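Remarks on the structure that follows.
The values are calculated or read from the model by the stated rules, or taken from the named source; none is laboratory data. Bear in mind the structure is a predicted one, so any value in this text is a computation, not a measurement. Every residue, glycine as well, gets a Cβ built from its backbone with ideal geometry; the counts of neighbours run over all protein chains shown.
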Amino acid sequence: MNRETIYSLIKKHKDGTATASEKQALANWYNNISNQESEFPEDKESVREEILMRLLSEIDFPKTRSFGYKNWLVAASVLIMLTAGALLFEKKQKESKNSAIALSQHIQPGSNKAVLVLANGTKIRLADVDNGKITQQGGSQIIKTADGKLTYDAASDASANGQLQYNTMETPKGGQYQLLLPDGTRVWLNAATTLKYPVDFTSSKERVVELNGEAYFEVAHNKNQPFRVVTNKQVVEVLGTHFNVNAYPDEQHTKTTLLEGAVKITAGSKNTMLKPGQEADLAAAFTVSDVDPLEAIDWKNGFFRFDDEDLEIVMREIARWYDVKVVFQDESIKKESLVAVTTRFSNIATLLKMIEKVTDARFIIEGSTIRVTKNK
C-alpha cells in the first residue's frame, strides 16, 4: 500500500469508521512489517493488537512538512520492535552483527525525581519525602502529590520583608518532574533541567522564571502580568499560552516551539513573534520555521523522537535520560543520522540494539559508560 492509503486507513481506524475489510488491510500491512523484525509467542494476536494500538495512538503523522514514506516506515518499524521488546518475556529478534551489548539492568530509564532548593538554601530531595505538605514558605504551602508533581497553594502574601523569595527545582540526569507554580502555570521539566521561580507572583509587575535545560509550559493567562522565560541566550515573553523551550547548554541550538497562543522571543537585538505551529531556532543564525509542534513535546509524553538527528545529538539525549556517560571511539560515526519514534522507558540495551539495526553504530556498555564505535 502507498503512504496515502496507509494514512487513510489509520485515520479511519482511530476515528472508528474503518470497515471490516479496511481493518483487515491495515492488519495485513502491519503484520508484514512486524514479521520482518520478530517472532511472537503463542499469544501473538493479543501482543500484536497491543503494539498496533500503541502505533496508532502514539505516532504523530506529518502535517506541516515533508517526511518521506521510507523514513516514516522506519519510525513505525522501530516503535513496533521496541514495544514488542517491552511486552514479550523472550524476544527472538535477529541480533546486530558483532553486537557487544549485554543486558544492563543496572542502567534504568529516567523517572520522577528532583531536588527542591528553597530560598534559604535548604535542599529537599523529593523522592525522599512523603506525599502531602512538605513545608510552608511565607503564606504558601508546598505540596508533593502522589503522581509526581509539586504544587504551591499560594497565599495572598508569600514574600518576606518585601523581598521576593525564589525557589529552584533541579531535575538530575535520569529525572523529570511536574510543577504547578503559584499563579496556576503548569511546567514539565525534562532531565538535567533547572528552573528558578518566585514563590509569589502577586507583588511584581511580571512573572519571570529562569530556565536551564528543557521544559514545557502551560502558562496561566494574566494580561496584566506578562510571563517571561529567561535562558542564557534568549527571553520568551507570553501572556498565557502553551510552548516548549529546549535550552540545554551543551546543545548548539536553542529551540522554542509554540503549540497555542503567541510568544515573543528576544535574542540580543533580534526579536520575533511566533504563531502556533512555528519553531524558533537560535544557533549561529536565528530562524523560524513551520513544524508539527506536538513533536517537540514527545519527551513529555514518554517518547523519544529522532527526526534525521545526528547520532551525536541522539546520544546526548540518551545520556541525559539514562544518566550515563557516552564516549565516541570513532568520530566518523557521530554524523550518522537516525529516524525513530519509540518509548523512553525501554531497557537501554534494547534501545541501543535498535540503533545498531538502523545505523552503522556499535555499542559496548561498561558500567555506566557507553562506548560507541563503527560496526565493521
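Could you list, in sequence order, all residues of the stretch 229-240 that are buried (at least 16 other Cβ atoms within 10 Å of the Cβ) and without any contact (Cβ under 8 Å) to a residue 24 or more places away in the chain?
229, 230, 231, 239, 240
Name the residues in the stretch 187-228 that are among the aliphatic types (A, V, I, L, M) and either surrounded by fewer than 23 Cβ atoms within 10 Å (Cβ to Cβ) or within 25 Å of residue 111 (Cβ to Cβ) (or both), would you?
Within the stretch 187-228, 187, 189, 191, 192, 195, 208, 209, 211, 215, 220 meet the criteria.
Tally up the residues in the stretch 304-317 that are surrounded by fewer than 20 Cβ atoms within 10 Å (Cβ to Cβ) and not acidic (Asp, Glu), please.
Total meeting the criteria: 2.
Taking the residues in the stretch 356-376 that are out of contact with any Asp or Glu (no Cβ under 9 Å at 6 or more places or on another chain) and among the hydrophobic types (A, V, I, L, M, F, W, C) as candidates, determine which candidate is nearest to residue 315 (Cα to Cα).
Only one residue tops the list, namely 370.
Quickly run through the stretch 169-186 and pick out the residues that are surrounded by 22 or more Cβ atoms within 10 Å (Cβ to Cβ) and within 13 Å of the chain's Cα centre (by Cα).
Once the filter is applied, which keeps residues that are surrounded by 22 or more Cβ atoms within 10 Å (Cβ to Cβ) and within 13 Å of the chain's Cα centre (by Cα), the stretch 169-186 yields 175, 176, 177.
Residues 278, 329: which one is in contact (Cβ under 8 Å) with a residue 12 or more places away in the chain and either buried (at least 17 other Cβ atoms within 10 Å of the Cβ) or in the same structural domain as residue 174 (by TED's automatic domain parsing) (or both)?
278
Working only within the stretch 186-206, note down all residues that are outside any loop (DSSP other than H, G, I, E, B), of a type outside the set (Phe, Trp, Tyr) and modelled with pLDDT of 95 or more.
186, 187, 189, 193, 194, 195, 196
Return the only residue of 250, 183 being of a type in the set (Asp, Glu), in contact with a strand residue (DSSP E or B) (Cβ under 8 Å, 6 or more places away or on another chain) and not in a strand (DSSP E or B).
After applying the criteria, what remains is 183.
The rows are residues; the columns are (1) assigned to a loop (DSSP other than H, G, I, E, B); (2) in contact with a Ser or Thr (Cβ under 6 Å, 6 or more places away or on another chain); (3) of a type in the set (Lys, Arg); (4) farther than 30 Å from residue 346 by Cβ.
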{"residue": "272", "(1), (2), (3), (4)": "no, no, no, yes"}
{"residue": "287", "(1), (2), (3), (4)": "no, no, no, yes"}
{"residue": "296", "(1), (2), (3), (4)": "no, yes, no, no"}
{"residue": "317", "(1), (2), (3), (4)": "no, no, no, no"}
{"residue": "321", "(1), (2), (3), (4)": "no, no, no, no"}
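Please enumerate the residues belonging to the stretch 107-150 that are at pLDDT 90 or above, crowded, with 16+ Cβ neighbours inside 10 Å and in a loop (DSSP other than H, G, I, E, B).
109, 110, 113, 114, 118, 119
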